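Structure first, commentary second.
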Amino acid sequence: PNGSGKSTLLRAACGLQSLAAGRVSLAGQVVHACSSAWRASRIAFVAQRPAVPPALSVREVVGLACLRRTDAAAVRSALEEVGLLDRAGEPLDHLSEGQRHRAALARALVQLHAGCSVLAVDEPTASLDPAWSARLVQRLRQAAREGLTVVLATHDLVFAAACADRAVLLRQGSVQAEGPASEVLAEGPLQQAFGTPFEPFTRQDGRGVIVPRW
């Protein structure tokens with residue numbers, strides 16, 4: 001649910017927010033004890049509202065992810081993948097909110113090209129239309145098949161059901177349920193977390209989808 005701590009947990013996992021207790025480890029290293037350069041070379045993070053100077057061009061924004069000058073080809077490839085190659089020279093603030101989010105995704109793709117092993121995305125479908133949401137599902141599945149760790153925070157249950165292998169259901173800052181997505185994204189846990197009735201649907205491909213009862 002809104003305000004349950006999804007973004008806070010995701011940012012903490014990426015080393016972008018301090019911890020009151022516990023620790024986050026990646027490749028045997030404590031993430032919060034490592035430099036920002038170390039984290040950037042291993043974790044590609046896409047915020048719900050990426051903070052970048054709007055006067056920069058789309059190409060410059062995506063290029064912020066480059067660790068080497070030779071990554072120009074990766075920038076072009078990422079822009080093409082998110083459908084913004086023809087807008088590359090325009091200021092970022094000329095784009096719609098959904099297009100800006102796609103630019104942020106392109107920046108993360110450049111990091112993945114450079115060798116990041118973790119992709120973390122906050123509310124990935126919040127500003128995307130259905131076609132781009134479907135493309136994102138396919139891209140995240142591909143990344144997971146290639147061996148990357150993909151972590152996302154969302155309250156889009158249809159999107160979560162389409163993507164997730166495992167799910168953590170938060171409520172008021174606490175973990176209410178954790179386990180296989182098919183068990184966590186079920187009527188009982190969701191009704192308890194959101195305080196509203198849900199009902200299941202089974203798609204033609206056999207995947208289950210849980211939606212609020214209107």
Per-region count, the range 26-47, residues of a type in the set (Gly, Ala, Ser) and open to solvent by less than 30 Å² (accessible area, probe 1.4 Å): 2
Would you pick out the residues in the range 161-189 that are surrounded by 12 or more Cβ atoms within 10 Å (Cβ to Cβ), in contact (Cβ under 8 Å) with a residue 24 or more places away in the chain, within 24 Å of Ala12 (Cα to Cα) and over 19 Å from the mean Cα position of the chain (by Cα)? Arg171
Would it be correct to say that Arg23 is loosely packed, with under 11 Cβ neighbours inside 10 Å, out of contact with any Phe, Trp or Tyr (no Cβ under 7 Å at 6 or more places or on another chain) and of a type in the set (D, E, K, R)? yes
Considering only residues that are farther than 21 Å from Gln142 by Cα and either modelled with pLDDT of 90 or more or in contact with a Gly (Cβ under 9 Å, 6 or more places away or on another chain) (or both), which ones fall in the range 63-87? Leu67, Asp71, Ala72, Leu85, Asp86, Arg87
Could you list, in sequence order, the residues of the range 151-160 that are open to solvent by 20 Å² or more (accessible area, probe 1.4 Å) and either at positive phi or among the hydrophobic types (A, V, I, L, M, F, W, C) (or both)? Val151, Leu152, Leu157, Val158
Determine, yes or no, whether Val158 is over 17 Å from Ser7 (Cα atoms) and hydrophobic (A, V, I, L, M, F, W, C). yes
State all residues of the range 88-101 that are assigned to a helix (DSSP H, G or I) and either modelled with pLDDT of 95 or more or exposed (fewer than 12 other Cβ atoms within 10 Å of the Cβ) (or both); if no residue qualifies, say none. Asp93, Glu97
When you go through Leu140, Leu64 one by one, which is the residue that is more than 30 Å from Phe194 (Cα to Cα), out of contact with any Asp or Glu (no Cβ under 9 Å at 6 or more places or on another chain) and surrounded by fewer than 21 Cβ atoms within 10 Å (Cβ to Cβ)? Leu64
Is it true that Leu148 is in contact (Cβ under 8 Å) with a residue 12 or more places away in the chain, open to solvent by less than 50 Å² (accessible area, probe 1.4 Å), under 19 Å from Gln48 (Cβ atoms) and of a type in the set (A, V, I, L, M)? no
Does the range 48-58 contain any residue that is of a type in the set (A, V, I, L, M), more than 19 Å from Pro124 (Cα to Cα) and open to solvent by 40 Å² or more (accessible area, probe 1.4 Å)? yes
Between a first residue in the range 120-133 that is of a type in the set (Gly, Ala, Ser) and crowded, with 17+ Cβ neighbours inside 10 Å and a second residue that is part of a loop (DSSP other than H, G, I, E, B) and modelled with pLDDT of 90 or more, which pairs have beta carbons less than 6 Å apart while being 6 or more apart in sequence or on different chains? Ala120/Cys14
Say whether the condition of being of a type outside the set (A, V, I, L, M), more than 21 Å from Val168 (Cβ to Cβ), open to solvent by 50 Å² or more (accessible area, probe 1.4 Å) and at pLDDT below 95 is met by at least one residue in the range 11-18. no
Is at least one residue of the range 115-123 modelled with pLDDT under 90 and farther than 20 Å from Ser7 by Cα? yes
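The values are calculated or read from the model by the stated rules, or taken from the named source; none is laboratory data. No experiment lies behind these values; they were computed from the predicted model shown. Positions of Cβ are generated from backbone atoms using ideal geometry, with glycine treated the same way; all protein chains shown enter the neighbour counts. Surface accessibility is based on the protein's heavy atoms, side chains included, excluding ligands, DNA and RNA. Shrake-Rupley method; radii C 1.70, N 1.55, O 1.52, S 1.80 Å.
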